Each structure stands twice: as structure tokens, then as C-alpha cells.
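Colleague: So that we are looking at the same thing, I have put the structure below in C-alpha cells.
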Amino acid sequence: MLYNIHPINLFRALSLALELSNGGLSRHHWRTAMISNRIGEAIGMDEWQRQILVYAALLHDLGAAARWEEKARLHQFEVGRDIYEHAEGGYHLLKNSSKLSMLAKPIRHHHDFWDGSSPSGLAGDQIPLISRIINVADRIEILIRDKEYILGQRAGILNAIRNLSGIYFDPDLVKALNDFSKKESFWLELADPNYAQHFFNDINRYGHMRFNIDDILEIAEIFANIIDHTSSFTGAHSRNVAMVSSFLSKVRGYSEEESKAMRIAGLLHDLGKLAVPNEILEKPGQLTSQEFSLIKQHTYYTYRILEQIDGFGTIAEWAAYHHETLDGSGYPFRIKESQLKNGSRIVAVADVFAALTENRPYRPILPPSKVKSIMCSMVDNKKIDGNLVEDLFKHFDCVYDMVQIKI
């Protein structure tokens, strides 16, 4: 099974997931990519180099996505250990990827300073050019204040960058910035929330990349690792849901390729949880109604992110509908039983099973007898599919042991 995916659609979607970790939807990665591209154009980078530049910019804070507090600190014009830790974290997430490893080194060094004072010890031209560009673009984006008129901020932002030229930033890049930033259109495009779509459409001319099912699985594993690190209690949750979903699909006669697609859906089913504050995910007591409302948004974001990727329509439904119920009272779309596909029902059963067999801040792992009792009650109340639960119970001890080994 091959996916003919516009790479910019994939990276835009993955980047959107990173924006969720900053108190909802922001545009930090998108605007950093737009600024980076302008700098790349100004210094004469070829199309392939700018393609890698834009993709790296769209994912540059990958290593900080799981922790809201860390991401918030990065959005200040300050220097500290954290900026190097998250860059190193992003590098390790990507370095072994067959499709994304080309982004690992640029992301690793995107906060290295021109004067060589960073932990890596690299200085000047030793720092990858793409990293140097993203460093400048990232700082410009952070200095933009959305509630103030953008052209009124131009002089202050440029002065802040110039003052660090030759210290933090490559002087040649600062010079190029000074030249093209005289155009009011550059700043107005950054302030215009509708311009991003034009930017992405323009980048689309780079064409498609071919991904097979194993390539997609590999990328899904990377993001599942980020998702599960949003809480110390969910270290293997996405992988457990993926494993159980794949297992149940095989019991149901799915092909090997379809079972891999089901695994992808399981790995990414909680992608939208990057929009939920860590303190809520780790709260030891009962959630307030407002906190539960915040939790409910995660499946909506999972769907909206995944549907942007070419050919992911079915995977998006399988992944995002895992809190929909047969009685139509689930969330966020209130899908009716007749419209709830078997793949979505599988992920829902796998999610319940995985959650009940993992530690949570408000309770320990439940014994098998309790897991069975709760799931049977959910079947009786038309929350989850009884046929799938029956399939699970036939292999309960085997699957229960597999989940415990994962944990």
C-alpha cells in the first residue's frame, strides 16, 4: 500500500500537532517556516535546500511538544539550558528515521550561537546553514506581538536581531534580513492568518513523496512517543492501543496491510492530547466539568490534523472516533451506530482495554476480573461493540500479558 502524499501536507499536519502544545492553536512553527523560506530565497538557496529548510522549520520544536511548560519557556527571548535540551530531544526522535533523518541535524543545532558559546561547541560556518536560518527566523517569530500592529513592531524586532548579529546570529543572514524586510508585504504576510494557506500552496509545487505503509508506521511511532510523554502515566498507551487494535483487526480477518493501517490509527489516536495541559492529564483526583471539556477536544484535533494528510481519511476516522459510542452519546461528533465503522469500534475497544490495564494518577492497574466487568458493563450500555469485546475476551490472557510487558 503506497501513499502519494504531498510532503507539505504531511509536515503541515504534524506541525499543527506541535502547535497544540502551546495552549491551543498557535502559528509559531508555520510563521517560523515562512520567515525561514524568505531568508533562504534571499541568500539564493536552491529549491531542494529550501524544501528541507521549510520541513525542518515546521518541526523544529518537536523535542518540546510533550510539555507545555517547556514550550512556554521557549517562547521567550531568553537563553537557557532548555533550548539545547529540546533541540537535542528533537534530534534523537528523528535521527534513525528513514524519511525524516535529513531533518535531525538541522533541528539539533537550530539554537547554536554563531560565536560558539553553545554546548555543541560549533561556531560560525560549522553550524549547519539550515540551523542558522531557523535560529534567526525562530527569534523573529517569538518577538512578534499578535495584538499590536505589525508594521509598528518592525524597527524593534530588527534592532533586537541586529544587536545579536555575530553573537547569536550569522551576520550574513542578518544582512539579508535587513534587505528584504524593507518590504511591508513581508511583515503583513506574517500578520495575516489567511496567508499561510497561500504559502503552503506555493510550497506544494515541490511535488509528492512516496511513502509505503512501513514509512508511515515509522513516523507514527515517533509521534506516539511524543504523545505518550505528555504524562508519566501513559508511557506506552498509544503503542498498547496500536498493538491491541492490530491484534483485533487480524482476528477479524483484516489483511496484513490493513492491520498495519489499524496500528497507525492506534499510534495516532491521541494526537490531539497535545492540546491538553499536563496538569490535567496527571491530576490525581476527579476532573471538573471544565477540565473534562478540555479533555474532550483531543479527539476533534486528532481528526482535523490527520484529515489533512493525503489518503488518511479512513485512518483519521479510525483514530479520532475512539470516544464515539454505539448509543450516539460519545464525543466529539456524536456519531450514530450505523455510521461508526468497524475500524473506529476496534480502536475504541482497544483504548478502553489499554486504559484499564495501565496505571492512572487516580488508580492503579486493574486486575483482569475488574477489566472484564467494566467492559461488559460498557457493552450492556451500548458504549462499545460487544462482538469485538467477545473477540478480545477469547484471547484476554494473551493480550493482557502483552500490554503488561509493554508497560
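The values are calculated or read from the model by the stated rules, or taken from the named source; none is laboratory data. The model shown is predicted, which means the values in this text are computed figures rather than measured ones. Methodologically, a virtual Cβ is constructed for each residue, glycine included, from the backbone with ideal geometry; neighbour enumeration extends over all protein chains shown. Heavy atoms of the whole protein, side chains included, go into the accessibility calculation; ligands, DNA and RNA do not. Shrake-Rupley method; radii C 1.70, N 1.55, O 1.52, S 1.80 Å.
Colleague: For region 238-375, give the percent of accessible area contributed by carbon and sulfur heavy atoms, probe 1.4 Å, rounded to a whole number.
Modeller: Roughly 50 percent, rounded to a whole number.
Colleague: Within the set LYS273/LYS394; LYS95/LYS250; LYS99/LYS260; LYS273/LYS372; LYS95/LYS296; LYS250/LYS370, which residue pairs have Cα atoms separated by over 28 Å?
Modeller: Values: LYS273/LYS394 31 Å; LYS95/LYS250 32 Å; LYS99/LYS260 18 Å; LYS273/LYS372 26 Å; LYS95/LYS296 33 Å; LYS250/LYS370 26 Å.
Checking Cα-Cα distances, LYS273/LYS394; LYS95/LYS250; LYS95/LYS296 exceed 28 Å.
Colleague: Now, a different point. About the Cα centre, and with charges only on the beta carbon of Lys, Arg (+1) and Asp, Glu (-1), how big is the dipole of region 196-245? Nearest 20 debye, please. Please report the intermediate quantities before stating the final value.
Modeller: Values: 3 positive and 6 negative charges, 22 e Å.
So the dipole magnitude of region 196-245 works out to roughly 100 debye.
Colleague: Same structure again: Treating the Cα atoms of the chain as identical point scatterers in vacuum, please give the log10 of the normalised Debye intensity I(q)/I(0) at q = 0.10, 0.12, 0.14 Å⁻¹, two decimals.
Modeller: Scattering profile of the chain, log10 relative to I(0): -0.69, -0.94, -1.19.
Colleague: Let me ask something else about it. Using +1 at the C-beta of Lys and Arg and -1 at the C-beta of Asp and Glu, which of GLY152, TYR168, SER117 has the Cα lying farthest in the positive direction of the dipole of region 116-172?
Modeller: The residue sitting most towards the positive pole is GLY152.
Colleague: Quick one: dipole size for the chain, taken about the Cα centre, charges +1 on Lys/Arg Cβ and -1 on Asp/Glu Cβ, in debye to the nearest 20.
Modeller: 440
Colleague: Also: Counting only heavy atoms of the protein chains, get the accessible area per residue of region 281-407 (1.4 Å probe) and round it to a whole Å² value.
Modeller: 47
Colleague: Starting from the Cα of GLU307, step 7 Å along the direction of its Cβ; do the same at LYS95; then give the gap between the two resulting points in nm.
Modeller: Those two pseudo-labels are separated by 3.9 nm.
Colleague: What 222 nm value per residue comes from the helices of the chain, counting each DSSP H run with n ≥ 4 as -39,500 (n - 2.57) and dividing by all residues, nearest 500 deg cm²/dmol?
Modeller: Here the helix-only value at 222 nm equals -18000 deg cm²/dmol.
Colleague: Same structure again: Taking springs between alpha-carbon atoms closer than 10 angstrom, which of VAL136, VAL389, VAL251 fluctuates most in the Gaussian network model of the chain?
Modeller: VAL251
Colleague: Which far-off residues, 5 or more places away or on another chain, put their amide H under 5 Å from the one on ILE5, with H placed in the peptide plane?
Modeller: The list, which skips near neighbours in sequence, is MET209, PHE211.
Colleague: Calculate, for LYS382 and ALA160, the FRET efficiency according to 1/(1 + (r/R0)^6) with r their C-beta to C-beta distance and R0 51 Å; round to the nearest 0.05.
Modeller: The computed FRET efficiency comes out at 0.30.
Colleague: Local charge sum around LEU356 (other residues, Cβ-Cβ under 11 Å, Lys/Arg +1, Asp/Glu -1)?
Modeller: That sum, taken over residues with Cβ under 11 Å, equals +2.
Colleague: Here is a further query. How do 294-304, 160-170 rank on mean C-beta neighbours within 10 Å, highest first?
Modeller: Order by mean packing, descending: 294-304, 160-170.
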